[in-house]
Amino acid sequence: MGHIKGADGAAGSESARLRHTVAEGVATVVIDHPAKRNAMTDAMWAALPPLLDGLAADPAVRALVLTGAGDTFCAGADISGLGQPGGAAQELAVRAEDALAAFPKPTLAAVRGYCVGGGSQLAAACDLRFAEEGASFGVTPAKLGIVYPASSTARLAALVGPATAKFLLFSGELIDAARALRTGLVDELWPADQLDKRVGEFTRTLVARSQLTQAAAKEFADGRVEQAAYWAEQARTGGDTAEGVAAFLERRAPRFTWTPPR
């Protein structure tokens, strides 16, 4: 995703950080820790929620892509700094994962190479996952004797089903991209040289669609239906529904204006 230009920033040290750009309605967050195959340090886990908060509040952002620098998505958590695996470091990871899952706009993980451990945790928290054909996936706490967080386990099982979640968690084995696609862990597979193009095309589609529809659908699909009446009222008064119907009848592209409340 290095071809994207726009406002940028970084969180963390120069050797292990989260970089981000914003351009044409899309925020791209890059996991950048080349010395450890983009493993997430404690500082990187801690930096992700406030970074996402800022991007969520930015009206210029209509979708978010999470990816890794170079040819790896994320090889997990950097356990070299873990004093007690499963303690404070795991809490940081869970907070980051939850913040990503709660991001109010569409999120997409663009996966190359290894997507393992904490990398799979982050990818599963995104709404969608597009991967290159050579990617590998794994959930590896059983290799370290770590109890995988309850919320992360539930999210994984909801995504791939209980049997596949148990296979991944019990064994810690890696699976290839084709199997990830069959089980629902991945939504689309592309040759390595076509992944950027497809992600760009798809995010442009997302940016052109109604944020009202997307925000309501995200809540409902995640099982949060308590605000159904609110979303019905937004559809009635927010303008996007009337604009969408008018554009369809007039055979033109719609100009949706509804934005999430801040």
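Quick note: the coordinates plus some simple rules give every number you see, no bench work behind them. A quick note: this is a predicted structure, and the numbers were derived from the prediction, not measured. Note that each Cβ is placed from the backbone with ideal geometry, even for glycine, and that neighbours are counted across all protein chains shown.
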**Complete:** With the label point 7 Å along the Cα-to-beta-carbon line of ASP193 and a cut-off under 20 Å to each amide N, the hits in segment 130-171 are 131-135
**Message:** Cα atoms only: what Rg and Dmax, in Å, come out for segment 7-206?
**Reply:** 15.4, 44
**Message:** Using a 10 Å cut-off around each Cβ, can you sort CYS115, CYS126, CYS74 from fewest to most neighbouring Cβ atoms?
**Reply:** CYS126, CYS74, CYS115
**Prompt:** Using only Cα atoms, what Kirkwood radius does segment 211-250 have, in angstroms?
**Reply:** 10.8 Å
**Item:** segment 190-262: GluC sites (Glu not before Pro) in DSSP coil with no more than 11 other Cβ atoms inside 10 Å
**Value:** GLU226
**Message:** What number results when the radius of gyration of segment 138-200, computed over Cα atoms, is divided by 2.2 N^0.38 Å?
**Reply:** 1.27
**Prompt:** In Å, what Rg and Dmax follow from the Cα atoms of segment 127-262?
**Reply:** 19.4, 61
**Inter-label distance, nm, simple model (7 Å from Cα along the C-beta direction), ARG262/ARG236** = 2.8 nm
**Request:** May I ask which of LYS197/LYS218; LYS166/LYS218; LYS36/LYS197; LYS143/LYS197; LYS105/LYS197 have a Cα-Cα span longer than 29 Å here?
**Result:** LYS143/LYS197
**Item:** Test item: Cα-centred dipole of segment 7-206, Lys/Arg +1 and Asp/Glu -1 on Cβ, debye
**Value:** 360 debye
